[in-house]
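Visitor: Take this structure, written in structure tokens, and hold onto it; I'll ask about it next.
The values are calculated or read from the model by the stated rules, or taken from the named source; none is laboratory data. Predicted model, so just to flag it, every value in this text is computed and none were measured. With ideal geometry, Cβ positions are generated from the backbone for all residues, glycine too; neighbour counts draw on all protein chains shown. Remember, those area values only see protein heavy atoms, side chains included, never the ligands or the DNA or RNA. Shrake-Rupley method; radii C 1.70, N 1.55, O 1.52, S 1.80 Å.
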Amino acid sequence: MANGDEDGVVHDLFSLLSSEDRNFLVRNNADQVEISSLSGKIVGLYFSGSWCGPCRRFTPSLVEVYQDLASKGDFEVVFISSDRDDKSFSGYFSEMPWLAIPFSDLEARKRLKELFEVRGIPNLVIIDANGKVSTDQGTRIVMEHGVDGYPFTAENINFLKEQEAAAKENQSLSSLLVSRSRDYLISKDGSKVPVSELEGKMVGLYFSLHTHKPCKDFTQALLKFHEKLKEKGENFEIVLISLDYEEEHFKEGFQAPWLALPFKAKSCEKLARHFELENVPTLVIIGQDGKTLRPNAVELIEEYGIEAYPFTAEKIAELAEISKAKLEEQTLESLLVAGDRNFVIEKTGSKVPVSELAGKHIMLYFSAHWCPPCRAFMPKLIKAYNQIKAKDNAFEIIFISSDRDHSSFKEFFLTMPWLALPLGDPRKALVQRKFKIQGIPALVAISPNGQTLSTQARQLIQAYGADAYPFTEEHLKHLEEKFEEEAKGWPEKVKSELHAEHELTRVLHHEYVCWCREPGSGWSFYCKECDFHLHPRCALSNKEGTKADAPNAMEGYICDGDVCRKV
């Protein structure tokens, strides 16, 4: 129903919101309001709960929109609670200026959730003045457009999207940073600085979330970068676009000598959409003409510092050539030696000089005790390690931990037969940035001469085990040919009682989880539509089975590959 009620159903608000012995809604002061008073109004049915973090973050935005529309007199919100007790409901409802289904009317609340197929909260269903559902995407509309989303019709949303597209095409510093009610930015002392003072300068829009550690870390690098540019007299300004939920966090993150949009300015979310923000930290570089010069300069600053300035295509190409040359000169020492830190450690704490590892095949293992996929991968990695060492002693793994305390690090490290960087070693950040490690577990394979063989060695171990060694292109090509040979005589497609809905296609997957809940690697028979895998032995076996034979995941969880998440 994203664009309205496709069936054209007209809802009678009285029948919708009343029950056998109730013809009213309530306010948070216990006043009763007759449902008939909503006739002819646009009504938002707000499904929410006090225990839900996203709900508590969204509610203030909805309150702001509600209050902005109050003067129109034709918009109302009705809270349908998912709380489990009256005290939680009352405490949460006290923050809301609108109406609610009484908490005591459980049947009405359940009926509305079922009728509108509410599968997650917060959820805002908008019913127009004629009783038709105009959208069930009210939450997204309010977050993206605020009061401008009113009256929440498909026509108005399409108009807003057209406006945003036009704004992208005609982008300027003013169109980005000036709103109808504000033509200024603020400095850390609270003074107002007109946006016009930035015209003609290069500007970095810094999207940050102070509670997010990568943002805290990058802020320090950005401070040094900014200071050096100022010392050189460069005309470069930074504008903080804070995505923090709490003003306290905004203030803590706004201690730098640059400018910012005011806390909770509507432009913050608008800019995040405009630049299609995917993660933080992000530093968008705006050129002197107001156009986007670089969609994200974070990695450039982390890797090259002030040398990345002024972020032009020519400069980036020049830096890429330098990086290529450095890559060709890479050695184990250049990766793992920094100042007097020229060692790794054994489980006993004894130091092993990095120089003793030169000339060996090395794998850098990014992992942590708290990470379930890391713990699940460990037995396979230990098995592969022992098998490789039995064939070639000139091989070693170095554990690079993301654990948060020494006891967790030590407990995990004691289960490993290899070496490690000490917990908290500053070299971790350097190699993590070098290889762009975004998630764990991760394995990087380094050749005896110090060159990078693969940053995807975990997937290779998962697929081939010890046979993936020594991770060279030639060897991996040979393995793939072996896999092709293995599949000779197997059908391209099969039908199975285990997945009667669709035909299964033979595909090569590095890692997957079969219907039987056992992990697999290499060939599987796969249904793309359902993301369903069968081991070849399960798909080609004569043994009959049904879905009921499959073991269940833990109640309340969905397990997908090597990740388990709550439903």
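Visitor: Using alpha-carbon positions, what is the distance between the centroids of the range 171-217 and the range 16-93, in Å?
Guide: 35 Å
Visitor: Rounded, prolate or oblate for the range 180-322? Axes are the square roots of the Cα gyration tensor eigenvalues, ordered a ≥ b ≥ c, and the cut-off for rounded is a/c under 1.5. Please list the in-between numbers first.
Guide: Values: a/c = 1.56, a/b = 1.37, b/c = 1.14.
Prolate, since a/c reaches 1.5 and a/b exceeds b/c.
Visitor: Going through the cross-link list K161/K434; K132/K270; K410/K436; K389/K428, which pairs have a Cα-Cα distance over 31 Å in this structure? Spell out each step's value before the answer.
Guide: Working: K161/K434 39 Å; K132/K270 29 Å; K410/K436 25 Å; K389/K428 25 Å.
Listed pairs above 31 Å: K161/K434.
Visitor: Follow-up question, since we're still on this one. DSSP H helices in the chain with Cα extent of 18 Å or more along the helix axis and mean Kyte-Doolittle hydropathy at least -0.5? Kindly include the intermediate steps, with their values, before the conclusion.
Guide: Working: long enough: 53-69 (25 Å, -0.27); 154-169 (23 Å, -0.88); 213-231 (28 Å, -0.93); 313-328 (23 Å, -0.17); 372-391 (30 Å, -0.39); 473-486 (20 Å, -2.02).
Correct list, ordered by number: 53-69, 313-328, 372-391.
Visitor: So what is the calculated 222 nm ellipticity per residue for the chain, using -39500 (n - 2.57) for each DSSP H run with n of 4 or more, over all residues, to the nearest 500 deg cm²/dmol? Spell out each step's value before the answer.
Guide: Working: 19 runs with 195 residues, N = 567.
Estimated from H runs of four or more residues: -10000 deg cm²/dmol.
Visitor: Considering only protein heavy atoms and a 1.4 Å probe, what is the carbon-and-sulfur percentage of the accessible area of the chain?
Guide: On the way: 14510 of 29740 Å².
Heavy-atom surface of the chain belonging to carbon and sulfur, 1.4 Å probe: 49 percent.
Visitor: Name the residue farthest towards the positive end of the dipole of the chain from the options S90, L112, I42, assuming +1 on Cβ of Lys and Arg, -1 on Cβ of Asp and Glu, about the Cα centre.
Guide: S90
Visitor: Return the FRET efficiency for the residue pair S175, E321: r is the Cβ-Cβ distance, R0 is 41 Å, and the value is rounded to the nearest 0.05. Display every interim value, and only then the final one.
Guide: On the way: r = 36 Å, r/R0 = 0.87.
Result of the calculation: an efficiency of 0.70.
Visitor: Follow-up. Mind checking the per residue accessible area of the chain for me, 1.4 Å probe, whole number of Å²?
Guide: Details: 29740 Å² over 567 residues.
Averaged over the residues of the chain, the accessible area is 52 Å².
Visitor: On full extension of the chain, what length is gained from S355 through S334, given 0.36 nm per residue of separation minus the C-alpha to C-alpha distance? Please list the in-between numbers first.
Guide: Working: separation 21, 0.36 × 21 = 7.56 nm, distance 1.08 nm.
Contour length minus Cα-Cα distance gives 6.5 nm.
Visitor: Which of the peptides 122-129, 150-157 is most tightly packed, and how do the rest follow, judged by the mean count of other Cβ atoms within 10 Å per residue?
Guide: Working: 122-129: 22.4, 150-157: 16.9.
Per-residue mean Cβ counts within 10 Å order the peptides as 122-129, 150-157.
Visitor: Kindly state, to the nearest 0.05, the FRET efficiency for E227 paired with E474, given R0 = 51 Å and r defined as their beta-carbon distance.
Guide: On the way: r = 48 Å, r/R0 = 0.94.
Calculated transfer efficiency: 0.60.
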